[in-house]
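For reference, the structure is listed below as structure tokens.
The values are calculated or read from the model by the stated rules, or taken from the named source; none is laboratory data. This one's a predicted model, so the numbers in the text were calculated from it and none came from an experiment. Because the Cβ atoms are built from the backbone with ideal geometry, glycine has one as well, and the counts that use them run over all protein chains shown. Keep in mind that these areas ignore ligands, DNA and RNA; they rest on the heavy atoms of the full protein, side chains included. Shrake-Rupley method; radii C 1.70, N 1.55, O 1.52, S 1.80 Å.
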Amino acid sequence: MDLQRIKYFLALAEQLHYWKTAEKVNITQSALTRQIQSLENELGLQLFERNKRNVKLTPAGKFLKEKWEVELSELEYIHQFAKQIHLGERGTITIAHPDSISASIMPDILAKITQAFPQLQIKLVQVLYENQLDFLKNYKIDLAITRDITSEQGIKSKKIYSDHLALVVPLAHSFKRFEDLSTESLKAQKFILPTKDEGSSYSEIIQALFKSYDFVPDVFLHSEFGSTIIALVRKGLGIAILPDSYMHHQSPDLRFIPLPFKTDILINWRADDHNPVLANILKLVFGD
């Protein structure tokens with residue numbers, strides 16, 4: 001069924017005047033008459049009662065007017081929705097990110113996205129290091145924000161930010177500043193560290209710190225979750241090495257001592273992914 005003919009019918013059903021309707025929809029009166037007759041022939045019923053003075057809807061015409069007005073509004077909404085999806089303005093995107101940036105750069109990134117694309121649905125997840133690439137390649141996530149460099153085929157990666165490592169200690173601890181750190185003083189400490197993942201460039205940076213002081217740390221506990229590590233340090237169970245972005249979290253009773261070791265934050269995505277939503281977000285984040 002020709003959608004345009006239905007629109008002509010609804011316009012005439014509103015005006016109940018051929019000449020005025022033809023002028024409104026920008027066609028000739030004879031062309032409008034042919035369109036209405038074609039629609040009636042296609043439906044096998046009469047839509048209007050006509051005489052020289054009046055045009056009025058038949059009962060069947062009244063019924064279709066009521067139904068088609070609703071259906072047409074819904075159809076136009078669906079078309080608009082589909083167009084927004086095509087343009088990357090609507091849809092859903094799943095972003096994996098480390099806990100460390102939850103209160104530092106992540107709110108700024110999300111604010112940019114929601115301001116530019118208010119109809120977009122965003123799903124935030126945290127994924128273990130060893131699962132990130134698998135989740136990305138299998139479309140379980142669309143973007144992986146990570147501290148690890150990847151050379152995986154089919155995955156693109158770009159740096160968006162850098163911060164530094166920090167030694168995290170309770171406020172009452174004897175370490176007050178960087179100059180208080182020495183091989184001997186560090187050897188005497190119990191450490192609570194992020195899980196050491198094989199092949200992780202972030203883990204290698206932490207190990208490089210220990211090598212610079214020429215000692216092997218006494219590690220009390222490993223955890224994937226920085227928030228857990230912070231809670232254990234606050235409890236006095238040890239000290240930790242974490243990104244200084246954790247300072248943006250609510251961390252009372254803790255001291256962050258900056259360390260001269262930088263850690264980059266990168267965004268990874270599928271190289272062959274042509275999702276317009278993804279393209280819009282990457283353009284927004286990188287400012288390209």
Number of the exception - VAL216 against (1) of a type in the set (A, V, I, L, M); (2) surrounded by fewer than 19 Cβ atoms within 10 Å (Cβ to Cβ); (3) within 39 Å of the chain's Cα centre (by Cα): (3)
Candidate set: the stretch 128-162, residues that are modelled with pLDDT of 90 or more and among the β-branched types (Val, Ile, Thr); chosen: the one surrounded by the fewest Cβ atoms within 10 Å (Cβ to Cβ): ILE160
Residue match in the stretch 188-202 (condition: aliphatic (A, V, I, L, M), more than 18 Å from PHE261 (Cβ to Cβ), assigned by TED's automatic domain parsing to the domain that holds ALA172 and out of contact with any Leu (no Cβ under 9 Å at 6 or more places or on another chain)): yes
Residues that are polar (S, T, N, Q) and either part of a strand (DSSP E or B) or closer than 18 Å to LEU186 by Cβ (or both), drawn from the stretch 217-272: SER223, THR263, ASN268
Residue match in the stretch 187-196 (condition: in contact with a Ser or Thr (Cβ under 8 Å, 6 or more places away or on another chain) and closer than 18 Å to HIS97 by Cβ): yes
When residues of the stretch 58-93 are limited to those that are out of contact with any helix residue (DSSP H, G or I) (no Cβ under 6 Å at 6 or more places or on another chain) and open to solvent by less than 50 Å² (accessible area, probe 1.4 Å), the one farthest from LEU10 (Cα to Cα): GLN84
The one condition in (1) under 29 Å from ARG255 (Cα atoms); (2) more than 21 Å from the chain's Cα centre (by Cα) that ILE109 fails to fulfil: (2)
Some residue of the stretch 273-281 being touching a His at 6+ places or on another chain (Cβ under 8 Å) and assigned by TED's automatic domain parsing to the domain that holds ALA103: yes
Meets criteria (surrounded by 15 or more Cβ atoms within 10 Å (Cβ to Cβ), touching a residue at least 60 places away in the same chain (Cβ under 8 Å) and more than 29 Å from the chain's Cα centre (by Cα)) for ARG177: no
Extreme residue, farthest from ASP99 (Cα to Cα), among residues of the stretch 202-213 that are of a type in the set (A, V, I, L, M, F, W, C) and open to solvent by 20 Å² or more (accessible area, probe 1.4 Å): ALA208
Identity of the residue in the stretch 112-131, among the β-branched types (Val, Ile, Thr) and under 13 Å from the mean Cα position of the chain (by Cα), that ends up nearest to SER203 (Cα to Cα): VAL125
Selection status of LEU237, open to solvent by less than 60 Å² (accessible area, probe 1.4 Å) and either touching a helix residue (DSSP H, G or I) at 6+ places or on another chain (Cβ under 9 Å) or farther than 29 Å from PRO107 by Cα (or both): no
Every pair of residues 6+ apart whose Cβ atoms lie under 7 Å, when the first sits in the stretch 34-48 and is outside the structural domain of TRP68 (by TED's automatic domain parsing) and farther than 12 Å from LEU12 by Cα while the second is loosely packed, with under 14 Cβ neighbours inside 10 Å and at pLDDT 95 or above: none
Residue selected from the stretch 190-201 under the condition open to solvent by 30 Å² or more (accessible area, probe 1.4 Å) and modelled with pLDDT under 95, by the criterion nearest to SER227 (Cα to Cα): THR195
